[in-house]
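Only the coordinates and a few stated rules stand behind these numbers; no lab work does. Because the structure is predicted, anything quoted here is derived from the model rather than measured. Reconstructed Cβ throughout: ideal geometry from the backbone, glycine too, with neighbour counts over all protein chains shown.
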Amino acid sequence: MEGPQATIGRSPECDVTIDDPFVSKRHLRIIEEVFVEDLSSANGSFLDGHPLTSREPLGSRRLTLGGADIAIEIVPGSAGPAPAGTARDDGAEAELRERVRELETEVERLRAAAAAGAPRPAAQATSAALLEDLVANDFAGRKPLYDASVEEFYVLESFKLLRQVEKVVTRMAGELLEQKVMQTELPGAERNFLELAGRVLALPDSTEPRVELVAYLDELRKWFFVTISAYRRAAVRFSEWLEDELSAPRLTAERPISAIYRVLGLEGIELWRRMRAKLDHLTAEQIEGVMDDLARRAADQMRER
């Protein structure tokens with residue numbers, strides 16, 4: 001792949017063209033070299049024989065397009081950073097952004113109705129009261145409101161998702177920056193999501209709290225992408241590093257293999273012995289240290305873009 005996405009199909013406009021009658025014109029999409037998604041193809045796509053009905057990680061599973069048994073190998077490309085003002089979203093990030101937008105729209109509609117003095121429907125009034133309750137009290141352990149209105153159910157689940165994502169991203173961001181996180185709050189932020197949401201409700205006629213909340217959510221989205229991508233990129237870099245360490249030039253750089261080994265055809269055995277010795281000396285702590293260092297470097301590079 002040489003970009004964040006690649007399409008597969010019969011059409012010459014696809015990134016990968018497959019001339020097969022069972023393959024649709026636009027059959028499948030590969031995202032970020034990790035996920036696969038069927039594009040409503042006529043004959044479907046299958047992972048290990050199971051229908052591909054949503055975006056899923058490919059991994060080492062066998063991919064079948066329609067009735068054609070086609071093995072696809074994803075080779076990391078050299079796409080580089082995305083252009084300024086764009087984001088290479090994966091499925092989880094796109095879902096988070098959509099939920100955030102819908103929640104912001106709901107809050108703004110409720111505040112506008114209150115400011116204009118317009119009577120609110122009972123469902124909207126109940127949702128507004130729920131918003132105020134969620135901002136003021138802990139809601140992490142609340143059960144889903146299956147029997148409540150659609151608005152109440154959506155508001156609670158959206159708040160829970162945002163709060164959970166914020167907690168995870170905050171902890172992972174602290175690890176990447178080697179900072180001890182004492183509370184749920186993004187690095188460099190003065191307030192967290194609940195505090196900013198409370199300011200929006202407390203100052204319904206002011207645009208400043210809304211601007212602050214939107215800026216914080218945008219920063220949360222960026223950190224969400226960084227924390228997910230940093231360790232994936234670190235894994236790729238680690239595999240490249242290990243491959244180099246176990247290469248013949250590296251294994252023989254300081255101590256060349258003697259001519260007698262080559263004459264007797266034992267060069268391969270000697271290389272294998274040195275490889276095993278190097279792997280035996282590679283401890284779990286060393287691997288973890290290298291991975292953490294590579295992840296921090298990857299995070300720094302993504303944040304600088």
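Restricting to the stretch 223-247, count the residues that are farther than 30 Å from residue 279 by Cα and surrounded by fewer than 16 Cβ atoms within 10 Å (Cβ to Cβ).
Total meeting the criteria: 0.
Taking the stretch 18-58, which residues are in a loop (DSSP other than H, G, I, E, B) and under 17 Å from residue 228 (Cβ atoms)?
If the condition is that a residue be in a loop (DSSP other than H, G, I, E, B) and under 17 Å from residue 228 (Cβ atoms), then 32, 33, 34, 55, 58 are the ones that fit.
List pairs: first residue in the stretch 217-237 and touching a residue at least 40 places away in the same chain (Cβ under 8 Å), second residue β-branched (Val, Ile, Thr) anywhere in the structure, Cβ distance under 6 angstrom, at least six positions apart or on different chains.
217/100; 223/169; 224/169; 227/169
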